[in-house]
Amino acid sequence: MKKAPKLILLLIFLTSILFQADNVQADGIIIPVPPICPASGCLLPPFPMQQLEIRYHHVKVMIENQLVTTRVDQVFFNPNDYTIEGTYVFPLPPDAVVSQFVLWVDGKPVEGKVLDADEARQIYEESVRKMADPALLEYVGRGAVQASIYPIPPQGERRIELEYQQVLTSENGLVRYQYPLNTEKFSATPLESVTVDVSIQANLPIRAVYSPSHPVEVQRRDDRNVLATYEAVNSKPDTDFVLFYSIGENQAFHLMSFMEPQDASDPGGYFLMLLAPEIGGLHEVVAKDVVLILDRSGSMEGEKFQQAQAALTYILEHLNVEDRFFLMAFSSDTQAFSERLASVSQADEAINWINQMGAMGSTEIDRALMEVARVVDEERPTYLIFLTDGLPTRGITDIDQILTNVSQEMPENVRVFPFGVGYDVDTFLLDSLAQNQHGLSTYVQPEEALDERLSAFYEKISTPVLTDLIIDFGGLDVYDVFPNPLPDLFEGNQVIVTGRYREGKTVEISLRGETNGAMKQYFYPAQRFADGKQGLDQNFSSLPRLWATRKIGSLLNQLRLNGTDQETIDQIVRLSLRYGIVTPYTSYLVTEDMPMGEEAQREAAQNAYSHALTQPTQATFGMDAVQKAAAGGAMSQAEQPAAPSVSEGRILRTAGGKTFILLDGIWMDTTFDPKIMIPMQIEFISDAYFELSANNENLAAALALGEKVIVVHQGQAIQVISQGKEGIQEITKEPTTIPTGQVHPVSVIEPIEAPINPTEWITVGAGGLGIGLIVLLVVIGWKKKQGK
């Protein structure tokens, strides 16, 4: 009985923390709890406690013939003056079957157990109910590893190491690995270091290696051993790490597709194709010609020219046996190593020739390109690498005339890859050369190393195995396919093709291309494009934003090269609003009311077009021009979706293949049109609410965003409303009591705070469970201090 007043005092204190912590919303916090005051009494601190911090998160993955061992190493820091004690919960990847696991805390083994999906679901739902925080819904359908954790001392650390094994399945030669990295959003501060190293060993040659979630560096040790690495510093990753790799036949082909059912605003689906050749196999290597044009004008003098010499030396040293090359340097005039294409046997002589050269003179670009055009062999694939750091200052300097001359004289088999060095290059010229000759422009900014960029580029294109690619979709109605035209297929690399289709069906796909003048064709029967009727596939829900990223990048390049037009800006605005990808034409829209229906989008597009017309003509050279060109090119070739933006207080997030914007405390689906859609209401943490999340992984991911969400599902808007009669009356403007779990259509949407029950506070400890997230289910460590 003597302890009761202290418990009441603690509850009062905890309740005060709750109100100061934004009701523990789903972006996640961990609220430490102080110990019980000693018998002599104490004053409670007048400020909320700090969350735990995750110092680093390192993951090492070993995949041996689809048996996976994942080792997790992370350090937690308690910034408070209080001891923290709790439970460690690790949500397992979807469909993982754990064969064994080992858990260590500060080098000592800790007992724990593996929960199946049903057991874990009970923990998730119970925690959501008690904490009024839906973040855990994201893990519905997943199992978990659970263990008790010894107290974290004040200002102290705990290192947690977890190891578990699972077996991956292969579907048509495509293997998928997933690690639930998104739960790092629950860390109080950015992580100092995040790494994921995936080592893959297989009995069959490994073809494509691709991550739709994170940029990875892929190192091929040989055709059956690959290392894929992701690294970040000062980061708070909020997306699961996903990696695909393929094993199979020559010219491996893999299809991923996604369609949201009954999406009246934009019917159709999204697809991604991975095309990858056999590595080091029996395929025939295409004999190619490499043309190297080096700007040796005075502005290149110094480190830039030395790096250019080193990069060209690397290329000449790595030519294939049947390759030929042509080497030219230009400034006020032109100098060629040879009069015609040279054989590989002359590479050493060419290296000595270029290393004895210096930089001086002006820049005569047109003449250099015209002389090169005359030595090209139209019967062989030709890759022209053009290095320059300046504008044309001699001879023909009119950009349109240079482009006209190139289009008339340069053979169609030449792929042009311009490298713009520094900020004094004409982006219109270089991008147009690349676009017209089916190449790709690269911009090397002052802080970047030219030799590293160029050497890495050549390594990718050094061994072509199939050129002039054409895909036949077998009668499937496809559109907005990127890249267009398709690039050549090179050994050790893959072509990632994204696009849209109108109606899901099963078709036979064929891939056609040339190898040393001979036409080759590959057939891939029974390729199923999702029709939206067989449920959503969470695995591929990132495809819509990846496709939108590429299309917006392509449209931005089109505007830079062709000038402003209303139709293109209209497309950019609509895509930007729907998929949450901020562009120069939509950045100001973050101050507008959202969501924006059809009528509002038309007005926004018109305003953006009118605004663009009033702007002065943008220079095609200089830092701003180069950075815009580089950004547009990166988007059009993106392998991962553009990251959601935070601007002017507006927060964008993606979940379940959809984009949401936070407006007045409500996460709103960007496809929600308030003028034509009447939302169906469902009460937060009601039985119907949990049933909805249980039946669809994508809906569960959307609901996990927060307590108030509006999501469009199968053409119907669903609004999650606050718990309690008061909130419903406020929203509907009617004194109506709606039974728990039922829905009610409304057209007026206002954010309402749910009433809080202070007695629930004993169970509140975290904004969500996650990888290495210490959930404070055991609230305080006072029991030991009380002798219990």
Q | Too-long pairs where the Cα-Cα distance tops 19 Å, listed order kept, from K236/K708; K551/K628; K288/K460 | A | K236/K708
Q. Taking amide H positions as placed 1.01 Å from N in the peptide plane, with prolines and chain starts having none, which residues 5 or more places from V145, or on another chain, fall under 5 Å of its amide H?
A. F90, L92, L115
Q) For A619 and E126 in the same chain, what is the full-extension length gain: residue separation times 0.36 nm, less their Cα-Cα distance, in nm? A) 171.6 nm
Q | Accessible surface, per residue, of segment 622-701 when the full set of protein chains is kept, probe 1.4 Å, Å² | A | 41
Q.
Whole-Hz ³J(HN,Hα) for each residue in segment 669-684, computed from phi via Karplus 6.51 cos²θ - 1.76 cosθ + 1.60 with θ = phi - 60°, x for glycine and proline: what do you get?
A. 4, 5, 8, 6, 10, x, 7, 10, 10, 9, x, 8, 8, 9, 7, 4
(Q) Out of the total accessible area of segment 131-237 (probe 1.4 Å, heavy atoms of protein only), what percent is carbon and sulfur? (A) 43
Q: Tabulate in residue order the Karplus-calculated ³J(HN,Hα) for segment 451-467, using 6.51 cos²θ - 1.76 cosθ + 1.60 with θ = phi - 60°, rounded to whole Hz; enter x for Gly and Pro.
A: 4, 5, 5, 5, 5, 5, 5, 5, 4, 6, 9, 5, 10, x, 10, 8, 10
Q | Positive-end extreme of charge dipole, segment 328-481 - chosen from V406, T382, V425 (charges on Cβ) | A | T382
Q.
Please list, in order along segment 101-116, the HN-Hα scalar couplings obtained from phi with the Karplus expression 6.51 cos²θ - 1.76 cosθ + 1.60 (θ = phi - 60°), rounded to whole Hz, x for Gly and Pro.
A. 8, 10, 10, 10, 10, 6, x, 10, x, 10, 6, x, 8, 9, 9, 6
(Q) Under the rule of at least 5 residues apart or a separate chain, name every residue whose amide H is placed under 5 Å from the amide H of A208. (A) S246
Q. Taking Cα centroids, how far is segment 448-465 from segment 165-239 in Å?
A. 23
Q | Amide H within-cut-off set for F326, under 5 Å, with H built and near neighbours excluded | A | V290, V291, L292, A342
Q: Please work out the average accessible area per residue across segment 157-253, using the 1.4 Å probe convention, and give it in Å².
A: 39
Q | Share of Cα-Cα pairs in segment 446-591 lying beyond 19 Å, as whole percent | A | 67
Q | Where a label projected 7 Å from the Cα of T69 along Cα→Cβ would reach, residues of segment 159-177 with amide N under 18 Å | A | 161-168
Q) How far is the Cα center of segment 618-641 from the Cα center of segment 73-133, in Å? A) 43
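The values are calculated or read from the model by the stated rules, or taken from the named source; none is laboratory data. This is a predicted model, so every value here is computed, not measured. Quick reminder, even Gly has a Cβ in these numbers, built from the backbone with ideal geometry, and neighbours come from all protein chains shown. The area values use the complete protein model at the heavy-atom level, side chains included, leaving out ligands, DNA and RNA. Shrake-Rupley method; radii C 1.70, N 1.55, O 1.52, S 1.80 Å.
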